[in-house]
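Q: Dropping the structure in here first, questions after.
The values are calculated or read from the model by the stated rules, or taken from the named source; none is laboratory data. Because the structure is a prediction, the values reported are computed rather than measured. Here the Cβ is made from the backbone with ideal geometry for all residues, glycine too, and neighbour counts use every protein chain on show. These accessible areas exclude ligands, DNA and RNA; they are computed on the full protein's heavy atoms, side chains included. Shrake-Rupley method; radii C 1.70, N 1.55, O 1.52, S 1.80 Å.
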Amino acid sequence: MMRRIVSAFSVSPWLNIGSRKITTETRRTLRKQFLVVPLLFALIVSAASLMMAQRRKTTVDLIIRGGTVVTMDGTRRVIEDGGVAVKGGRIVAVSKTADIDRNYAAREVVNANGKVIVPGLINGHTHVPMTLFRGIADDLDLQEWLTKYIFPAEAKNVTEDFVRVGTRLGLAEMIRSGTTTYCDMYYFEDAIADETFKAGMRGVLGETVLDFPVADNKTYEEGLAYVDRFVKKWQGNALIVPAIAPHAPYTVSEDHLRAARAFSDRTGAPIVTHIEETKREVDDSIKAKGASPIVYLNRIGFLNNRVIAAHVVWPSEEELGLLKQLGVGIVHNPQSNMKLASGVAPVPEMLRNDLPVGLGTDGAASNNDLNLWEEMDTAAKLHKVISRDPKVVSAQEAFEMATIRGARALHLDNEIGSIEKGKRADLVIVDLDALNQTPYYNIYSDLVYATKAGDVLTVIIEGRVIMRDRRLLTLNEEAIKTEARRYRERIIRSVGVKTLPED
């Protein structure tokens, strides 16, 4: 380029004055023209430098810039005025906004100025279609709730269409509140996977198998065959992790639990189950099997580092050591356990021993929502009052359970749970301008004790924006609510549940 510029100067007609007499006017003209030359030269060099800098930038799919990045990485970095670059569904850089701007250019840029960028929340235990049973039977203990209300309601209502409608409702609710990954166990799980994938959400999805007839399979053998097809179909999918879900040691026989473990060994599929949710479950197990559920499951070779155990409310200290040794993931469901009076899991001890314990909502029939912000807040406060120690389960620890520690519980911490280079780009942008967040001093305190589901603005999963500025982009909210209300009338007719007094 420099050679072309010099060449242009040498042949310019206004420089080739020869031996002509230089007049005063000519001198003025030449003086002006020579003053312009350096300016033109500087502009050309500047443009060339800019073009070279642009060529040096790496092109990515998406940049989120200008926010406070709560990474949840190994050092728990919090980056003020930070940014994240995303390509191919994965995070390629996390740094100051200036560094991101200097090194990356994107097809899509999301401005997070004045907001906080956090890892997508992880709901470690759900029965997502049960959103359609929200409020059907409350203020009961677990066994009465299950046997007198839930199992009969399921027998009369659960079809593949029911599951799809309830799943879409649950997905919309979770996305709106910033959940990007959930772990589920229910029936027609292939339909749940289909709806989850279409919505762009991430799920560890377990087909439930039991020893008695259920909605989609009438025998355990039929259920196992269903799971086999289900896992083969979805294994390797970017968003869906298919799993087998033997309901619990009190609803699945020893032989069938062993078969579930053998299936997991053969396919690598996770195992999702309930363990020690109530004191009655523990007492009954000791009477019938001579051991608590955890000891019994270990004795038959069921437990390993692919198991995801929901609840674990009543373990002994020795059993916690066993779960840690075996690498079992644990999911704490504080609000569901409180509502059903199941007890309080020893979460402070789990945290002190660095067990992989996450948070879950359980199904909306026993909670009655899928709001993980409430679970964080409840988990921190519940254990303070039970232990009479305000220092246990700090705000940061509660947030860990909803993010990176929750990822460990699902055995996915190499992929999700923190904002780090190489991980899946599951990101949530939270507003910090709401009245309930003003002013804020400590980011973890604000996120756990002050933030509400309505403060979530934008949700990104696998690098794809699926909610922007509170508007769902992959689900039709009005259609979802209309379908759910239609099922309400059907459920009332089928089981005769009492509703509002005026009904």
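Q: Going by the structure shown, is Pro213 more than 20 Å from the chain's Cα centre (by Cα), free of Cβ contacts under 8 Å to residues at least 40 places away in the same chain and crowded, with 19+ Cβ neighbours inside 10 Å?
A: Answer is no for this residue.
Q: Go through the stretch 387-418 residue by residue and tally those that are over 18 Å from Ala238 (Cβ atoms) and buried (at least 16 other Cβ atoms within 10 Å of the Cβ).
A: Counting residues in the stretch 387-418 that are over 18 Å from Ala238 (Cβ atoms) and buried (at least 16 other Cβ atoms within 10 Å of the Cβ) gives 19.
Q: Would the stretch 167-190 turn up any residue that is more than 19 Å from Asp369 (Cα to Cα), free of Cβ contacts under 8 Å to residues at least 12 places away in the same chain, open to solvent by 20 Å² or more (accessible area, probe 1.4 Å) and in a helix (DSSP H, G or I)?
A: Within the stretch 167-190 (the criterion being more than 19 Å from Asp369 (Cα to Cα), free of Cβ contacts under 8 Å to residues at least 12 places away in the same chain, open to solvent by 20 Å² or more (accessible area, probe 1.4 Å) and in a helix (DSSP H, G or I)), the answer is no, since none of the residues qualifies.
Q: Residues of the stretch 419-436 being touching a helix residue (DSSP H, G or I) at 6+ places or on another chain (Cβ under 8 Å), of a type outside the set (D, E, K, R) and crowded, with 18+ Cβ neighbours inside 10 Å, which ones?
A: Val430, Leu432
Q: Also, I was wondering about something else. Of the residues Thr59, Thr26, Thr75, which is on the phi < 0 side of the Ramachandran plot, in a strand (DSSP E or B) and either modelled with pLDDT under 55 or among the hydroxyl-bearing types (Ser, Thr, Tyr) (or both)?
A: Going through Thr59, Thr26, Thr75 in turn, just one is on the phi < 0 side of the Ramachandran plot, in a strand (DSSP E or B) and either modelled with pLDDT under 55 or among the hydroxyl-bearing types (Ser, Thr, Tyr) (or both): Thr59.
Q: If His127 satisfies every condition in (1) under 30 Å from Val282 (Cα atoms); (2) open to solvent by 10 Å² or more (accessible area, probe 1.4 Å); (3) over 19 Å from the mean Cα position of the chain (by Cα) but one, which is the exception?
A: Checking His127 against (1) under 30 Å from Val282 (Cα atoms); (2) open to solvent by 10 Å² or more (accessible area, probe 1.4 Å); (3) over 19 Å from the mean Cα position of the chain (by Cα), the one that fails is (3).
Q: Those residues that are surrounded by fewer than 19 Cβ atoms within 10 Å (Cβ to Cβ) and either of a type in the set (Phe, Trp, Tyr) or within 24 Å of the chain's Cα centre (by Cα) (or both), I need them from the stretch 297-338; list them, please.
A: Across the stretch 297-338, the qualifying residues are Asn304, Asn305, Lys324, Gly327, Met338.
Q: Of the conditions (1) part of a strand (DSSP E or B); (2) hydrophobic (A, V, I, L, M, F, W, C); (3) without any contact (Cβ under 8 Å) to a residue 12 or more places away in the chain, Leu205 satisfies every one except a single condition; which number is it?
A: So Leu205 meets the others, but not (3).
Q: Can you tell me which residue is modelled with the lowest pLDDT among those in the stretch 130-183 that are among the basic types (Lys, Arg) and more than 27 Å from the chain's Cα centre (by Cα)?
A: For the stretch 130-183, the residue satisfying everything is Lys148.
Q: Hey, could you check the stretch 459-502 for residues that are modelled with pLDDT under 95 and open to solvent by less than 20 Å² (accessible area, probe 1.4 Å) and say which is nearest to Val165 (Cα to Cα)?
A: By that ranking, first place goes to Tyr487.
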